[in-house]
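So the structure is just underneath, and the comments pick up after that.
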């Protein structure tokens, strides 16, 4: 066994001082294989910010099995713990949160590039276009099925159809025929987010009138995928049927499908125990799809066939079950031994959603689009959770299909939006992001101590470190947003204990803002570029290669100080100061944060304001050159308080100029810019979540009418999507298209868009917590009529809010 492992454990208690938070508390058992099949064992007790190591112990809370060569790679910084877990090099039983806390004791320096086997060749193809209206979907947690309207899946490599689980496509073919005929749609019933029914007939639509056979497909997703097929024979004589279900799996990663990549993966099929099993193996990683039927079928490598006769006016049915398994080295499913994966039955899906929505405030409104958008938003945010591998509470998911995973920024934003309505989402978000906080200097992942993770995926590219997606820290705004959300949570709920619980992580986040985020010592947070499969990206929410540029289209040089990120850093320092004074007993530290924030606000106004344009620069280069593009980013500045009071009216005038305001919302990039494209998701599209934050910022700055204008525009747009706003809309003028135009196959539902109506409702009613009471100061346009929001939970207990639409008489709308 590598002597460094024994040395690491021997020095652990001394080297770990000051590196651990006070919680969680528990005992880990590490089992490291040695020669001749024996095992070396260490016990590590974590408690109250300290670690204690021994060679004996009883009843561990978490048992970790690892090979010595794998542990040695981890200690040397050549591998990542999450990636090792995903590909089976580490086996864990019990409470995984303890192992994530233990990560903080690893050596700081790391570079986990390509720690696994060499990446396979990747061929780039053009993504296949398909619209939201052409498909139907069901989802539960991060397992989801997207199919054509008749329930079939015949997926090209870059078409987002199929059964996905843990970022992998476990079914890429799922096609049902009756007597060799495809099925045509009579009806589709979206019973719930996790359940759908399809009424079908064999043959072409022109044959509907004479059809004597019909088919009902009824499907559910939960821990597994199930589908019931019922065939009805309405003929006056017996009919012999051959029903065929073609099945296939390509095990593609969801991001490959999104980005137009296709990686050839060797898939094998086996038939055993009346089950069709499809396998993909890469090194120690093993993914498996298992299909079984409740009625006997003829199985082959490509599907299932049933041959039978149905009497007149009789029926035939079968129930299909599909398991999506992530195997470890011992062929166990990775989740079988982890405490959060136990006892999740089929009926739990509806109960989970009902429990998350049981305590939300009740809305009564004359404005039906608002009522519909509110109900959809609540339902989607309740449904967008997944169990992960082992975290005790459900983790926040972001969107279907591309973002059914933990995304740091999106989870923080949607939790902020939903805080007055669903505070539990905030607790779950803070908990998982605190556990995943950066602890090493790993340039491959962008990880740095104190930095908050942006993305965590389960695909094999991340497992083998071909890409950093297993634990990707490529965002510079998540860290400040973590601190802001923690403080806002206490302001609403009065839960001081949670603020004390995450003091260590919040201080580490501020420490990152003061150090690694600002290597130049300039006072700004700097964004660099990092490589991805689709090209270089910057580290802001507008991370496309061409998203941030000069007005004439010239690209900038990096690093960049991007405007809204400085606003969030300013706000995070002020909020951290409040928490330090009130809950952490450290007024000296608080005072320093306040002075840092004041200094940042002063220099930001000096360096970012463009007097010749009358608006803030979208970014500033390292040499001090400001980028003069007119963008939506400066609207986010209003949320943070960094905007100088005498600048606000000019900022607002630009936000509502024809160049930025489309009629549905504010575009990401002005139509007057050289790179403007209404189809560009960062160069002209309208994002509902960003617009909801801008509306809230406008309200905070005193621009009530303008905030309401954004709210009514977005609610009008939601009406065209039955209340469910997609991730973003194209930037066409409302006067030109008359209806909001979605952008191809974007995420829908999408948590930050689901949260947008909630934050708009808070904005319209003027809801703000002040100590132990809720302030209500409604400001609504006449067309919204009356709004009642009842039983708003908070530190005050329960409160009601009432608003009635009236003409605005304060600031005129620009």
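Any idea how many residues of segment 164-176 are closer than 13 Å to residue 153 by Cβ and part of a strand (DSSP E or B)?
Qualifying residue count, segment 164-176: 8.
Name the single residue, out of those in segment 416-435 being crowded, with 24+ Cβ neighbours inside 10 Å and touching a strand residue (DSSP E or B) at 6+ places or on another chain (Cβ under 7 Å), that is farthest from residue 499 (Cα to Cα).
420
Would you confirm, using the coordinates I've provided, whether residue 496 is closer than 18 Å to residue 515 by Cβ and either modelled with pLDDT of 95 or more or buried (at least 22 other Cβ atoms within 10 Å of the Cβ) (or both)?
So residue 496 fails the test.
Here are 289, 268: which of them is part of a strand (DSSP E or B), more than 17 Å from residue 307 (Cα to Cα) and free of Cβ contacts under 8 Å to residues at least 24 places away in the same chain? Break it down stepwise before answering.
Working: 289 fails: free of Cβ contacts under 8 Å to residues at least 24 places away in the same chain.
Answer to the check: 268.
Output the residues belonging to segment 2-61 that are loosely packed, with under 15 Cβ neighbours inside 10 Å and in a helix (DSSP H, G or I).
Residues satisfying the conditions are 3, 4, 6, 7, 10, 14, 15, 35, 36, 37.
Kindly establish whether residue 544 is buried (at least 22 other Cβ atoms within 10 Å of the Cβ) and under 26 Å from residue 676 (Cα atoms). Explain how you work it out, then say what you get.
On the way: buried (at least 22 other Cβ atoms within 10 Å of the Cβ): no; under 26 Å from residue 676 (Cα atoms): yes.
No: the conditions fail for residue 544.
Can you pull out every residue in segment 380-408 that is touching a strand residue (DSSP E or B) at 6+ places or on another chain (Cβ under 9 Å) and either part of a helix (DSSP H, G or I) or in the same structural domain as residue 454 (by TED's automatic domain parsing) (or both)?
380, 381, 383, 408
Of the conditions (1) in contact (Cβ under 8 Å) with a residue 24 or more places away in the chain; (2) surrounded by fewer than 22 Cβ atoms within 10 Å (Cβ to Cβ); (3) more than 21 Å from residue 404 (Cα to Cα), residue 158 fails just one. Which one is it?
Residue 158 satisfies every listed condition except (3).
Look at residue 730 and say whether it is more than 18 Å from residue 377 (Cβ to Cβ) and without any contact (Cβ under 8 Å) to a residue 24 or more places away in the chain.
No: the conditions fail for residue 730.
The values are calculated or read from the model by the stated rules, or taken from the named source; none is laboratory data. These numbers come from a predicted model, not from an experiment. Cβ sites come from the backbone with ideal geometry, for glycine too, and all protein chains shown count toward neighbours.
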